[in-house]
Amino acid sequence: MVRTTLRKKIVIVGDGACGKTSCLIVYQNVDLDHKTVELALWDTAGQEDYDRLRPLSYFETDRQVLVALKIDLRSQSSKTITQQQLAKEIGAKYGECSAKANIAVKDVIRLAAHVAVKPKKLIKRRRLHCNIL
């Protein structure tokens, strides 16, 4: 069986010190359904000083995965309903992990790779409206 290698860009965006870099450090390639997905992982600065520069990294990205990081710090009573609802509203897949505790990091990277290789026509596009009050 011939293995196919796909190259996909993944940009991680979030607040400063939220665990983005720790999540990305160990992954470069993912195997999915007899395909090797070579990931180009782009880590962005979360600080406000980089708000105008950050969008330059979005070129050639068109899919979203909402990821809750540092879940090892979550209180037992905390629920993920809000995050899952937000993911649904923005048309994104949802995952959660902790790089420090090595909880589900591989699952999140595989989810992002799976979403990245999905054909564009199978992805629902929603038009979101921004209201300024």
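The values are calculated or read from the model by the stated rules, or taken from the named source; none is laboratory data. These numbers come from a predicted model, not from an experiment. Methodologically, a virtual Cβ is constructed for each residue, glycine included, from the backbone with ideal geometry; neighbour enumeration extends over all protein chains shown.
Quick notes
- Among the candidates D72, D51, D33, residue that is surrounded by 11 or more Cβ atoms within 10 Å (Cβ to Cβ) and of a type in the set (D, E): D72
- Number of residues in the stretch 1-43 that are more than 21 Å from N102 (Cα to Cα) and outside any strand (DSSP E or B) equals 5.
- Remark: pairs (first residue in the stretch 1-17, surrounded by fewer than 11 Cβ atoms within 10 Å (Cβ to Cβ) and at pLDDT below 85; second residue part of a loop (DSSP other than H, G, I, E, B) and not charged (D, E, K, R); Cβ separation under 7 Å; 6+ apart in sequence or on different chains) = M1/H34; R3/H34.
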